[in-house]
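Comments concern the structure below.
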Amino acid sequence: MPSEETRERILKVVELGRTVMHYGWIPMIIYMGYTRSSPQPMFIKLISPLA
Amino acid sequence: MASSSDSPEKLGGDDFSHPPTRSPFLSAISPLTSLYGRIAEWRKSLDLPNPGTPENLQKEVKMTHLTNFMFDGARADLSKNLSINPAFQISHSFNLGSQVAAPSYNFGAVYATNSTLLQGSVDHESNVNARMNQGWSETCITKMQAQLSQQVGHSMLQLEQDYQGQDYSLNVKAVNPSPIDLTGIYIGSYFQSVTKNLALGFETMYQRQTPELAELATSYLAKYTGTNKNWIATAQLQPAGILQTTYWQKLSDKVEVAADLQVVAGSQRRDAIATLGAKYDLRMATFRAQLDSTGKVSALLEQRFAPTFAFLVSGEIDHFKNAAKVGVGVMIESSNLTPEEMGMAPPQP
């Protein structure tokens, strides 16, 4: 069983990872798709439903 | 065999050969390795098919029934294929006027190469769904699935390792594993083809809510596939007396029917639901109809007017509760690729 201090540290890391993934997941997919697709699409097409 | 492998080693000199301790060890276990080799060969000679995964046990039935496709109110799905290889797709979906769900907006993105799939969606309340599949080889796939929410206690993480052998499937899952005290839900399943038609398996769930309180539950699976693969019967027995049996048959290229019977025979509750459904795949349309023993009759028509434009109508009448639901929807796909690139024939003059 880890000590109280280690537990708190692990909880903090998990919480940070969760927050990073919450805000970073979709931008990461869009970035990967935008940079690697061929031909490279126009950026406005990515975010606007009407373009 | 041992003598023939010994002589080249002696000729080559002791410095470059294997350590001398290893070959007695190998010869000691050689009955075991040869037995394993013989069993593997015998197993290969049986030529049993892969049974599919326990997760996909009822896939054909679920694709035929419209329970997963049913919606009410109005909805619009706009999707854009921005690239084919690697696949990159963006979608916006709007839902409005449903009796059961609040109006919602959902933005989705998919990026896929041959070995990797990345998928994400976010709704207007900033709940994120994330999914990642990484294939290490044809048979070995690692999957990750997560739900991230601002609300406490609504987040979920699932890690999964999938292995598909020649005649078996192996899968291990961990749901919300905590690195501190290893609480969470752990699921392991094994599904093995016994004959060319029959596959048997089990799925064990180990639920550990606190380090003191742990629970083990096993469900058993069976799947019988017709020789021409045009019909499939499955049964799944879950603990607490839940039995789910399904039957699916492909009547022709265009018509599939499926039946599902779920029996709950627990000590507190006794219940059974039967569902009967059919799916018609026409040239430009898909029609699903379903009838179940709770008095619900429902239908869904998906009509494609153009390759990029589809119109959906759904309806459900609950005869026992005297309630009805109606839904209309549009699906629009736009693409900046030419029709040839999308793999379609040029329009007729």
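The values are calculated or read from the model by the stated rules, or taken from the named source; none is laboratory data. Nothing here was measured: the structure is a model prediction, and the numbers come from that model. Because the Cβ atoms are built from the backbone with ideal geometry, glycine has one as well, and the counts that use them run over all protein chains shown.
Tabulated data for the structure shown
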{"item": "Search result, residues across region B:1-17 that are surrounded by 10 or more Cβ atoms within 10 Å (Cβ to Cβ) and either among the hydrophobic types (A, V, I, L, M, F, W, C) or modelled with pLDDT of 50 or more (or both)", "result": "B:Ala2"}
{"item": "Extreme residue, farthest from the chain's Cα centre (by Cα), among residues of region B:92-113 that are more than 9 Å from chain A (Cβ to nearest Cβ), under 25 Å from B:Val313 (Cα atoms) and not in a loop (DSSP other than H, G, I, E, B)", "result": "B:Leu96"}
{"item": "Residues (more than 23 Å from B:Asp47 (Cβ to Cβ) and not in a strand (DSSP E or B)) located in region B:159-211", "result": "B:Asn176, B:Pro177, B:Ser178, B:Pro179, B:Ile180, B:Asp181, B:Leu182, B:Thr183, B:Gln209, B:Thr210, B:Pro211"}
{"item": "The lone exception for B:Thr33 - which of (1) within 13 Å of chain A (Cβ to nearest Cβ); (2) out of contact with any Phe, Trp or Tyr (no Cβ under 9 Å at 6 or more places or on another chain); (3) of a type in the set (S, T, N, Q) it fails", "result": "(1)"}
{"item": "Some residue of region B:73-87 being within 14 Å of another protein chain (Cβ to nearest Cβ), surrounded by 13 or more Cβ atoms within 10 Å (Cβ to Cβ) and acidic (Asp, Glu)", "result": "yes"}
{"item": "Among the candidates A:Thr19, A:Thr6, residue that is within 14 Å of the chain's Cα centre (by Cα), at the interface with chain B (Cβ under 9 Å from one of its Cβ atoms), surrounded by fewer than 14 Cβ atoms within 10 Å (Cβ to Cβ) and not basic (Lys, Arg)", "result": "A:Thr19"}
{"item": "Given (1) touching an Asp or Glu at 6+ places or on another chain (Cβ under 8 Å); (2) within 30 Å of B:Pro177 (Cβ to Cβ); (3) loosely packed, with under 15 Cβ neighbours inside 10 Å, index of the condition B:Leu216 fails", "result": "(1)"}
{"item": "Residues that are loosely packed, with under 13 Cβ neighbours inside 10 Å, closer than 23 Å to B:Leu96 by Cα and not hydroxyl-bearing (Ser, Thr, Tyr), drawn from region B:114-149", "result": "B:His124, B:Glu125"}
